[in-house]
Structures are given as C-alpha cells and as structure tokens.
Amino acid sequence: MPQLLRVQNFCVSRDGFGAGEGQSLDRPFGHADPGAMMSWAGATASWPNRTDPGGSRGLDDYFTRDFRNNIGAEIMGRNKFGPQRGPWADHEWKGWWGDEPPFRTPVFVLTHYPRPSFALADTTFQFLDASPAEALDAAKAAADGRDVRLGGGVATVREFLDADLVDAMHVVVAPLDLERGERLWEGPDELTDRFHLESVPSASGVTHLILWRR
C-alpha cells in the first residue's frame, strides 16, 4: 500500500477560517474559541482527554477514533507548535501539549530557524528548514510504512496543497463564522478539480467534508 499524506479532523468555520486573528501564548487560535471549533470531538466517547464515562457515539466518534489510525509521523508548521516568531529565544518552550503530547509519533516542525530535536513521552519533535516535498520525504522515512498526517496550521496545509502533495483530507466545518484570521478556502469546491468531495452532516451540528485525490 502506498503511504498517504492525510489531513485529519482539521476544523474550519463556516466562512473557511481555520484559526482566528492574534495568536498568543494564551490564545493558540487567536480570537477563535477552540472549544466552539472542537466541541464535536470533545463530546465523543473516544475523546482522549475524557475523564468521565459516557460521551457520544456515531459519526463524530468514528472520526475522533480515526485520528491515530495508521499514522506513523506528523508534519506541522511552526505556528501550530507555538507562538514564537523569528530565532528560537526559549528552548524551554516545548509546545502547547504539556509533558504527554497526543501525537505519539515523530513530529516534523517546519521552521526557517534551527533548533535541536527533543522527545516528550513517546513523541519526538524534529525541526526542519525544508520544502514541502523534502519534509514529506523525511516524514515518510520515519513513518515505518504508515501514513503521514499533515497537522496544520492553515498556511502549512495550503503550502502542501499548492505543491500537490496531499492525498486525502477530512475537514470539519463548525457552525460559526470567524470573519477574519487564517483562511483555508472560500469553499471546498475550490479543490474539486483535484479531489472528490463528500459532505456528511452530523447530529452535533458540524459537517464532515471528506476529500480524496481523483
């Protein structure tokens, strides 16, 4: 089986924004409320941070469970890793996720500034100044035959789409408008020259968009 580059559980607003304006240490998504964007996943039985029994089943739960399925490595942009810009002034900052990041694979962070790699629990972070194709080659080599997840943010997803490297996408449209920030698209029809598109509404109010290469 070929290794795929997959976008999974990537959330956007109805007006196509994947993050708001004004990212900071306290607001990773800028003015957007991450709870409102991700509430569909947090309500599921399979949400990894769930501390109480219960949670919803069905379509939302399926996609929450599928997040790690056959993923051997992740690629992300620097702005997903943290709010710093320019040269790395603080090597103590090791991402938004605490001591046990949810990835559990090698993670390749795209940056123009060198930084030593490090490991937290069962996740390793490596920092690359590389083109999308070079980063994908490195991630595939580390993925041990499994697929690579393209984690975001928006600019990184767009960069890999523009390089025609993305094989499949699962995008979740939340029932809210952000009006400004980082826009993934005006609408998913922009990609139908290269991707099949299926739209599946969920009882939670979100719509799951599944795109796969023609």
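Among 195, 108, 17, which one moves the most in a GNM of the chain with springs linking Cα atoms closer than 10 Å?
Most flexible of the set in this elastic network: 195.
From zero up to wherever the largest Cα-Cα distance of the range 105-166 sits, split into 10 Å bins and tell me the percent of pairs in each.
The calculated distribution, bin by bin, is 21, 56, 22, 1.
For the chain, modelled as a Gaussian network with Cα springs under 10 Å, which listed residue fluctuates most, 49, 69, 79?
49
Sorting 118, 10, 103 on the 10 Å Cβ count, fewest up front, what's the list?
118, 10, 103
How high is the relative contact order of the chain? Use alpha-carbon pairs under 8 Å, at least six apart in sequence, and give a whole percent.
So the answer I get is 31 percent.
So what's the convex hull volume per residue for the Cα atoms of the range 154-214, in Å³?
81
Using a Gaussian network model on the chain with a 10 Å cutoff between Cα atoms, which of 95, 77, 153 fluctuates the most?
Among 95, 77, 153, the largest mean-square fluctuation in the Gaussian network model of the chain belongs to 95.
At a 10 Å Cβ-Cβ cut-off, how would you order 96, 88, fewest neighbours first?
96, 88
Taking N as the number of residues in the chain, what is its Cα Rg relative to 2.2 N^0.38 Å?
Ratio of Rg to 2.2 N^0.38 Å for the chain: 0.98.
Say each of residue 24 and residue 137 gets a label point 7 Å from the Cα, pointing the same way as Cα to Cβ; how far apart are those two points in nm?
Modelled inter-label distance: 4.2 nm.
What FRET efficiency comes out for residue 179 versus residue 84 if R0 is 25 angstrom and r is the Cβ-Cβ distance? Round to the nearest 0.05.
Rounded to the nearest 0.05, the efficiency is 0.40.
Around residue 73, which amide H atoms from residues at least 5 apart in sequence, or from another chain, sit under 5 Å from its own amide H, with H modelled in the peptide plane?
The answer is 149.
Over the range 57-131, how many percent of alpha carbon pairs lie in each 10 Å bin up to the one with the longest distance?
Bins of 10 Å from zero give 17, 48, 25, 9, 1 percent of pairs.
Once Rh is set to the Kirkwood radius over Cα pairs, what Stokes-Einstein translational diffusion coefficient, in µm²/s, holds for the range 39-87 at a temperature of 10 °C and a viscosity of 1.306 mPa s?
Roughly 123 µm²/s, to the nearest whole number.
Which value in Å is the Kirkwood Rh of the range 63-177 over different Cα pairs?
14.8
For each of 13, 24, 117, 39, count neighbouring Cβ atoms within 10 Å of the residue's Cβ, then give the residues from fewest to most.
24, 117, 39, 13
Please list 3J(HN,Hα) in residue order for the range 76-86, calculated via the Karplus relation 6.51 cos²θ - 1.76 cosθ + 1.60 where θ = phi - 60°; whole Hz, with x for glycine and proline.
Result, ordered by residue: 9, x, 4, 6, 6, 5, x, x, 5, 10, x Hz.
Read-outs: derived from the displayed coordinates by stated rules, not from any lab. Bear in mind that the values here come from a model prediction, so they are computed numbers and not experimental data. Virtual Cβ from ideal backbone geometry, glycine too; neighbours counted across all protein chains shown.
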